[in-house]
Amino acid sequence: MTDPTLPPMPSAPPPSAPKKSRTNAVIIGAAAAVIAAVVTTGIVVVQTRDHDNSKPAATTEASAPAAEAADDDTAEAEDTEPTYIDLDADSFSIDLKTKSRQCFGSAGCNLTVEPDLTLAVDSASVDPDAVYEITYEIRGDSSGPVIETAELTNQTSLNYTPSAISTPSAATKVSVKITDVSAQGV
């Protein structure tokens, strides 16, 4: 016999709490992996640059891209091709190194100068298969501006020819500026 003061016994066990989706955990894990990869790449680039002073310097900025993922459990990771930035004159800073200088009193000076280019963007964002022609103009030569071109290959190898210029006097200031950057073989 049952006691009328007790509540009736349920005929089935209570339903269990619904399981939580692991989508958020997957998104957070993917974002952490992307951030770790970007930071590791930045460290490797900086260490490589510090060990090889014959290559142009590159400024490395490690920043994590915003991680975006679909909330749908059926979303699959796709292999994406790397994207590279378009280089322009603002992607570099340039100075001149004077390799030799011979002055002749009031007759001026003969100089041999070379470009000292610094990449102002992350070298990993530069297409390794492209050849970039960097055209620059040297001012201060007695016969007018001298236009030269350097080639950047493999993201960090710079090829150029030293420039021989003659200044009208020893007090003449020699300057340089990049006038054009174009990609070849892309």
Check your understanding: In nm, to one decimal, how far is the modelled label at I147 from the one at N110, with both set 7 Å along Cα→Cβ?
Key -> 2.6
Study note, to complete from the structure: Expected vector for region 150-163, Karplus 3J(HN,Hα) from phi with 6.51, -1.76, 1.60 and θ = phi - 60°, integer Hz, x for Gly and Pro, equals 10, 10, 9, 10, 6, 6, 9, 8, 10, 10, 7, 10, x, 9
Check your understanding: How large is ³J(HN,Hα) for each residue in region 85-94, as worked out from phi by the Karplus curve 6.51 cos²θ - 1.76 cosθ + 1.60 (θ = phi - 60°), to whole Hz, x for Gly and Pro?
Key -> 7, 8, 7, 9, 4, 6, 7, 9, 10, 9
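Assign unit charges at the C-beta atoms only (+1 for Lys and Arg, -1 for Asp and Glu), then state the dipole size of region 98-186 relative to its Cα centre in Debye, rounded to the nearest 20.
Values: 5 positive and 11 negative charges, 123 e Å.
Computed charge dipole of region 98-186: roughly 600 debye.
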Exercise for review: Evaluate the distance, in nm, between pseudo-label points positioned 7 Å from the Cα of Q102 and of T83 along their respective Cα→Cβ axes.
Suggested key: 5.4
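None of the figures in this text is laboratory data; all of them are computed from the coordinates on show. Everything numeric here is computed off the predicted structure, so don't read it as measured data. Neighbour counts run over all protein chains shown; Cβ positions are idealised from the backbone, glycine included.
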